[in-house]
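The values are calculated or read from the model by the stated rules, or taken from the named source; none is laboratory data. Because the structure is predicted, anything quoted here is derived from the model rather than measured. Using ideal geometry, Cβ is built from the backbone for each residue, glycine included, and neighbour counts are taken over all protein chains shown. Note: accessible area is taken over every heavy atom of the protein model, side chains too, but ligands, DNA and RNA are not part of it. Shrake-Rupley method; radii C 1.70, N 1.55, O 1.52, S 1.80 Å.
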Amino acid sequence: MALSGELIEPTASGALGLPHSTPGRVGRLARRLYRAGPAAWIFLAASLVLAYQVLVPLVTMIWTSFSSSQPGAEDFFSASSLTTSNYTRAFSAGFARAAGNTVVFTAGVTVVSAILGGFLAWVVVRTNTPLRRLITGLCLIRLLIPGVLPTVAWIGLANPSTGVLNRWLQDWIPWVHGPVLNVYSLPGMIWVESLDALPLTFLLLSAALRSMDPSMEEASLISGAGRLRTALHITFPVILPAILGTLILTVIRGFETFEVPVLIGLPGHIITFVVEVYTNTTGVPSDTGLASVYAVLVLAFCVCLIWLYNRFTRNTAMFTTVSGKAFRPRPANLGRGRWVTLAASLLILVFSIGLPLLMLLWASFSPPFRPIQPFTASGLSHFTLANYAGVFRNDTTVRAFVHSTFLAAGAAVIVVLLISIVAWVTVKTKIPGRKLLDHLAFAPIAIPSVLMGVSFLWFYLSLPVPVYGTLWILLLLYVARFTPVAMRVMSASMTQIDDELIEASMMTGSSWWRAFRTVALPLLKPGLLASALYVGVLAFRELSASVFVYTGGNEVVGVAMFSIWGDGSFTGLAAFGILVLLVVGVLSLVAAIVSSRFGVRK
Amino acid sequence: MIRVTGLVKEFAGGSVRAVDEVSFEVPTGELVTLLGPSGCGKTTSLRCVAGLEEPTYGRIEIDDRVVFDAARNIAVPPNKRRIGMVFQSYAIWPHMTVFGNVAYPLRTAKMKKREIHERVMASLELVGLADLAPRGAPNLSGGQQQRVALARALVAEPEVLLLDEPLSNLDAKLREQMRQEIREIQQRLGITTLYVTHDQIEALAISDIVGVMSGGKIVDFGSPERIYRAPKSRFVAQFIGVANVIAVNDVRPASENGSLQGATQMGSMSFHPDEAATPTGGQTAVLVRLEDVEVSRERPTADRNVWRGRVISVLFLGTHLDCILDVNGHRLRAQAARRTKLEVGEEVWVQIRPDHATALCDDVAGDGTGARPAKPTQTVPSAVAGAA
Ligand SMILES: Nc1ncnc2c1ncn2[C@@H]1O[C@H](COP(=O)(O)OP(=O)(O)OP(=O)(O)O)[C@@H](O)[C@H]1O
Ligand SMILES: [Mg+2]
C-alpha cells in the first residue's frame with residue numbers, strides 16, 4: 001500500500017484540470033474526464049473524499065511531530081513553530097524502554113498466536129478431530145467480542161491480589177502460597193493479546209492450509225516419506241509464504257493494539273509506543289509533540305510491514321500450481337490421537353473464550369464494588385441484578401447505546417455509498433486514473449486506529465469548523481476508519497459482475513446512472529449488505545480511535561466501557577459488556593442470515 | 001502384478017458406495033486402464049491401490065505381497081508400498097527445483113549423493129527433461145510438469161506405476177504425444193501399470209487391457225480390440241465409440257459356423273453370438289459399428305445381410321461421410337468413404353458382414369446401463385445408437 005505523494009498527484013491534476021486547459025497529458029486527461037459525463041464528477045468527488053481520509057491523518061501527524069506548538073494554538077500553522085526538538089526529546093526520554101517493551105510484546109504475541117492459531121487451523125482443516133465445526137464457530141464468535149471485555153476478564157482472572165485463577169491455584173495445590181500468575185507483566189500481556197489475535201491467525205492459516213493441493217502431500221507419501229517428513233519437507237515449505245503473510249499481519253496488530261497495552265501495560269508500568277501516544281495525548285498537561293513522534297514511528301513501521309505483506313502475497317502467486325479440479329479436503333485419520341487434539345483445542349478455546357466469558361458473567365451478577373468471589377456455590381448466593389440495573393440507570397451508558405447505534409448506522413450507510421462508487425468506477429468504467437481511487441480507498445488500512453483517532457483529534461482541534469466536541473467527528477472518524485475494511489468485503493462480489501451486463505444496459509440507450517441503478521446496484525446488493533452490516537458491528541463497539549476524540553456527553557459504547565473500568569467498577573463493566581455482547585451478537589446473527597440469504601460467503 | 005479382489009469403498013458412513021465389489025488383475029509388465037464416466041469410482045479404486053484411501057472390504061496384492069486385506073486387518077501405508085504415482089494435478093512441489101522434485105523419493109530412501117544424481121539424471125533423460133534439472137518447478141509448462149511427475153514416479157524403480165488421468169490437463173496435441181511417450185516408457189521398462197482415464201480413445205490406444213467401470217462396478221474387462229468389437233453390454237458399446245444397436249427377434253442358429261440368424265425390421269440378418277454366451281430366448285440386440293456398415297451403388301456379391309436402402313442425410317466430416325440410411329423403415333447410421341459422394345435421396349446397397357455384427361446378449365432391453373441382467377422385453381424402437 002503506497003502512501004507516497006506521487007499517488008496523490010494525478011487526482012490533484014485531474015481535479016484542477018478544466019476541460020480546455022493547456023494541451024498535453026493533463027489536458028487530454030481532463031478532456032477525457034469531461035467527456036465521461038456525470039461519472040467523472042462522481043469520480044472526482046469520491047477521489048477528494050478518499051484523498052482527504054488518507055491525507056488528514058498523515059499530514060496532521062507529521063506536522064504535529066515537527067511543531068513546537070499544540071493543535072488548536074494560534075501559532076500551530078505557522079512555519080516558525082517547526083522544529084525537530086520533539087524527536088530529540090522522544091529519543092532521549094524512555095525511548096529505549098518503550099521500544100524494548102513494544103518489540104518483546106509484539107514478537108511474543110506473534111509467536112504465541114501463530115502457534116495456537118496454527119494448531120487449531122491444522123486440527124480443523126487437516127485432521128478428523130471431532131467437533132471441528134464447533135471450533136471454527138467459537139473462533140468466529142471470539143472475533144466479535146470487543147477487545148476490552150476479554151482484557152478486563154483476564155485482569156479479573158489473573159491479577160496478583162484477587163485473581164480468581166490465583167486463588168484457585170492457592171486453594172487446590174498445597175505447595176502454592178501467594179499469587180502465581182501476574183497479568184500485569186509482559187508475559188501476561190502477551191498471553192491476553194495472543195488469545196485476542198488467535199481467531200485472526202486461525203482464519204488466515206486455515207485458509208492457507210485449505211488452499212494447498214492435498215496431492216502434494218500424497219505425492220510425498222507415495223515417494224516413501226512418512227507423515228513427519230512430509231510435514232517438514234512438503235507441507236510446511238509449501239504454505240510458508242502464507243504463514244509469513246499471516247505473521248506480518250499479526251505483527252502489525254500487536255504493534256497497534258490499544259486495549260491490552262493501556263488496560264494492563266499502563267497500570268503494570270509496561271510502557272509501549274501506543275501507551276506513549278495515549279498518555280501524552282490524554283494526560284494533563286498533554287504533550288502532543290511526544291505523542292505525535294511515537295505516532296509517526298508506529299505509522300512508519302506499519303506502512304513498512306504492509307508494503308512487505310503486499311510483496312509477500314504477490315509472490316505467493318508464484319507458489320501456486322495449476323490444477324484441473326477443485327481439491328477435496330482429505331483430513332488425516334488420527335485414530336485415538338483425535339481425542340488428544342480435541343482436548344487441546346478445547347483447552348485453548350476455554351482460555352480464549354470460555355473463561356473470560358464466564359468471568360464476565362460471574363462478575364456481572366456479583367455485588368458491586370467488592371472483591372469478586374471465586375466461582376463457588378457460596379459466591380452464587382450473593383448474586384444480584386444491581387449491576388444491570390445500574391447500566392440502565394446510568395445516563396452515560398444509555399446515551400452511549402443511542403450514540404453508537406446512530407453512529408453505526410450512519411457510518412454503515414456512508415461507507416457503503418462511498419465504496420459502491422469506488423468499486424463501480426474502478427472495476428466497471430474506463431475513467432483514467434480509476435485505479436488510484438481503489439488505492440486511496442484501501443490506503444487508510446495502513447493507519448492504525450489509535451493514530452486515526454489522535455490525528456482526527458488534532459486536525460479538528462486546529463480547524464475553525466465546529467466539529468470537535470460533537471458526534472460528527474466520530475462519524476467522520478468511523479467512515480475514514482472503516483472504508484478500507486468494507487472495501488475488502490466488497491471487492492469479491494464486485495468482480496463477479498460481468499462487464500457485458502452493464503454494457504448491454506448502456507446499449508439500450510440508458511444513461512450511466514440508470515445502468516448503475518437498474519443493473520449494477522441490484523447485483524451488488526449482497527456485497528453491499530454484507531459490508532454495511534460488518535461496518536455496523538465494528539463501529540458499534542469501536543474504542544481505540546473513539547477514545548481520543550470523544551468529549552463528555554458524546555460517549556459511545558466502547559468509550560463507556562472504558563470509562564466504567566476507569567471508575568473502578570469491574571462488575572458494572574461486566575454487566576454493560578454482557579449487554580453489548582448481546583447486541584453485537586444479534587447484529588451479527590442478522591448479518592449472517594442476511595448474507596446467507598443473499599448468497600454472500602465470507 | 002496387481003491383484004484386487006472384492007474391493008468395496010464406502011463413503012459418508014456407508015451411504016455412498018464409490019467402489020462396489022471390484023475385482024481385477026494387472027498382469028506383470030502390462031498396462032491396464034480403468035475407463036468410465038465421471039464419478040464411476042475410477043479414482044477411488046486407484047487411490048485404494050495406492051493406499052491413500054482405506055477400502056471398506058476387499059484385498060489388494062502387489063507382486064504377491066498382500067498390501068491390504070480387510071479380513072486379516074492388513075493395511076500397508078502408502079509410503080511402504082513401493083509404488084510410483086502420477087497425480088492428475090501433477091502435485092509438483094513448488095518450493096523445489098525439477099531435480100529436487102525427482103530426487104525426493106531417493107533422498108527419502110537415504111541413498112548416496114552420487115547415486116541420487118545418476119538416477120535422477122537418468123530418469124529426467126527418460127522423459128526428455130535432462131537440461132531443465134536446475135529449473136524452479138513453478139516455471140514449467142503443463143507438459144513439462146507432467147514429465148517431471150512421471151520422472152519422479154519412476155525414479156525409485158517402483159514395482160507398479162499408478163496414473164490418475166495424467167493427460168487431462170493438457171491440450172489435445174500434447175495429450176496425443178504424451179500418450180505415446182508414456183506407453184513407450186512403460187513398455188521399455190516393462191513396468192506394471194494401472195491407468196485411469198475417462199477418455200475412451202486414450203484407453204484404447206494405450207492399454208493392454210481395458211476395464212470399463214460404471215456405478216462403482218467393472219462392467220467389462222478385456223483387450224481394447226475385444227471391447228471395441230464385442231462389448232459386453234449396450235452401455236459399454238455406447239461409451240466406447242458410436243454404434244448401431246439393432247433389435248433382433250426370432251433368433252435361431254444359422255446353418256453354418258455357429259452364427260445366428262434372426263428377424264429385424266430391415267429383414268433377415270445373420271450375426272455372431274457373444275464370445276461368452278449365446279442369447280437365450282427369441283430376442284436380442286446386435287451391435288454394428290458405423291464403419292462396418294458397407295454402402296455401395298453396385299449390388300454386393302454376398303447373399304446374406306444385403307439390403308436396399310435410401311440415404312436420408314449425409315454429413316461431411318473430412319475423413320469420411322457420416323450418413324443415415326433408411327433400410328425398410330429402419331434407420332441405420334453408417335460411415336461411407338469420401339469418394340462415394342453419396343447424395344441425399346439416393347438408393348444404395350447396404351451390407352453388414354455377419355462377423356461384424358455381435359449379439360449384446362446381456363442387454364436385450366437396452367436400458368443403457370448394461371449393469372442389469374438381461375430380461376426379455378419388447379424390441380428397441382430406434383436402432384440408431386448415437387454416442388453421447
Ligand atoms: N471423500 C469422499 N466422500 C464422499 N464421497 C466421495 C468421496 N470420494 C469420492 N466420493 C464419491 O465416490 C464416487 C466416485 O468418485 P471418484 O473420484 O472415484 O470418481 P471418478 O471415477 O474418479 O470420477 P472423475 O472422472 O470425475 O474423476 C463419486 O460419486 C464421488 O462423489
Ligand atoms: Mg477421478
- [ ] Can you confirm whether region B:215-232 contains a residue that is at pLDDT below 90, away from ligand 2 (no atom under 16 Å from the Cβ), part of a helix (DSSP H, G or I) and under 23 Å from B:LYS9 (Cβ atoms)?
- [x] no
- [ ] Given the conditions (1) at pLDDT below 90; (2) assigned to a helix (DSSP H, G or I); (3) open to solvent by 30 Å² or more (accessible area, probe 1.4 Å), report the number of the one that A:LEU581 does not fulfil.
- [x] (1)
TODO: Have a look at B:LEU194, B:LEU174 and point out the one that is among the hydrophobic types (A, V, I, L, M, F, W, C) and either closer than 29 Å to B:ASP322 by Cβ or in a helix (DSSP H, G or I) (or both).
DONE: B:LEU174
Open item on the list: All but one of (1) at pLDDT 90 or above; (2) within 14 Å of another protein chain (Cβ to nearest Cβ) hold for A:TYR184; state the number of the condition that does not hold.
Closed with: (2)
Task: Of the criteria (1) open to solvent by 30 Å² or more (accessible area, probe 1.4 Å); (2) outside any strand (DSSP E or B), which one B:ASP250 fails - done: (2)
Task: Residue match in region A:246-262 (condition: in a helix (DSSP H, G or I), more than 14 Å from chain B (Cβ to nearest Cβ) and touching a strand residue (DSSP E or B) at 6+ places or on another chain (Cβ under 9 Å)) - done: no
- [ ] Residue by residue through region B:21-53, note down the ones that are more than 10 Å from ligand 1 (Cβ to nearest atom), open to solvent by 10 Å² or more (accessible area, probe 1.4 Å) and either away from every other protein chain (no Cβ under 14 Å) or touching a residue at least 40 places away in the same chain (Cβ under 8 Å) (or both).
- [x] B:GLU21, B:SER23, B:PHE24, B:GLU25, B:PRO27, B:THR28, B:GLY29, B:GLU30
Open item on the list: For region B:48-56, check the following and say yes or no: at least one residue is within 16 Å of ligand 2 (Cβ to nearest atom) and of a type in the set (Ser, Thr, Tyr).
Closed with: no
TODO: Taking B:SER168 as the residue in question, decide whether it is surrounded by fewer than 18 Cβ atoms within 10 Å (Cβ to Cβ) and either within 16 Å of ligand 2 (Cβ to nearest atom) or at pLDDT below 95 (or both).
DONE: yes
TODO: Quickly run through region B:109-152 and pick out the residues that are in a helix (DSSP H, G or I), within 14 Å of chain A (Cβ to nearest Cβ) and open to solvent by less than 20 Å² (accessible area, probe 1.4 Å).
DONE: B:ILE116, B:VAL120, B:SER123, B:ALA137, B:GLY143, B:GLN145, B:GLN146, B:VAL148, B:ALA149, B:LEU150, B:ALA151, B:ARG152
Task: Tally, over region B:1-20, of residues that are of a type in the set (Val, Ile, Thr), open to solvent by less than 10 Å² (accessible area, probe 1.4 Å) and away from ligand 1 (no atom under 11 Å from the Cβ) - done: 3
Open item on the list: Residues that are at pLDDT below 85, in the same structural domain as A:VAL485 (by TED's automatic domain parsing) and open to solvent by less than 50 Å² (accessible area, probe 1.4 Å): list the helices (runs of 4 or more DSSP H) wholly contained in region A:1-78 that include at least 1 such residues.
Closed with: A:25-35, A:38-65
Task: Residue check, B:VAL219 under 18 Å from B:THR197 (Cβ atoms) and within 15 Å of the chain's Cα centre (by Cα) - done: yes
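Hey, any hits in region B:158-168 for a residue that's more than 24 Å from B:GLU25 (Cα to Cα) and within 16 Å of ligand 1 (Cβ to nearest atom)?
Yes, region B:158-168 contains a residue that is more than 24 Å from B:GLU25 (Cα to Cα) and within 16 Å of ligand 1 (Cβ to nearest atom).
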Open item on the list: Being of a type in the set (A, V, I, L, M, F, W, C), more than 14 Å from chain A (Cβ to nearest Cβ) and either more than 17 Å from A:SER215 (Cα to Cα) or more than 16 Å from ligand 1 (Cβ to nearest atom) (or both): is that true of B:ILE60 here?
Closed with: yes
- [ ] Among the residues of region B:16-41, write down those that are outside any strand (DSSP E or B) and within 13 Å of ligand 2 (Cβ to nearest atom).
- [x] B:GLY36, B:PRO37, B:SER38, B:GLY39, B:CYS40, B:GLY41
Open item on the list: Going by what's in this entry, would B:VAL67 be described as open to solvent by less than 20 Å² (accessible area, probe 1.4 Å) and modelled with pLDDT of 90 or more?
Closed with: yes
Task: From the options B:ILE83, B:ILE74, B:ILE60, residue that is at pLDDT 95 or above and either assigned by TED's automatic domain parsing to the domain that holds B:GLU21 or open to solvent by less than 50 Å² (accessible area, probe 1.4 Å) (or both) - done: B:ILE60
Open item on the list: Could you check region A:98-130 and list, in sequence order, the residues that are open to solvent by 20 Å² or more (accessible area, probe 1.4 Å) and either under 19 Å from the mean Cα position of the chain (by Cα) or farther than 14 Å from A:SER206 by Cβ (or both)?
Closed with: A:ALA99, A:GLY100, A:ASN101, A:VAL103, A:VAL104, A:ALA107, A:VAL111, A:VAL112, A:ALA114, A:ILE115, A:ASN128, A:PRO130
Open item on the list: Quick check on this structure: which one of B:GLY262, B:GLY211, B:GLY267 is modelled with pLDDT of 90 or more and either among the aromatic types (Phe, Trp, Tyr) or touching a strand residue (DSSP E or B) at 6+ places or on another chain (Cβ under 8 Å) (or both)?
Closed with: B:GLY211
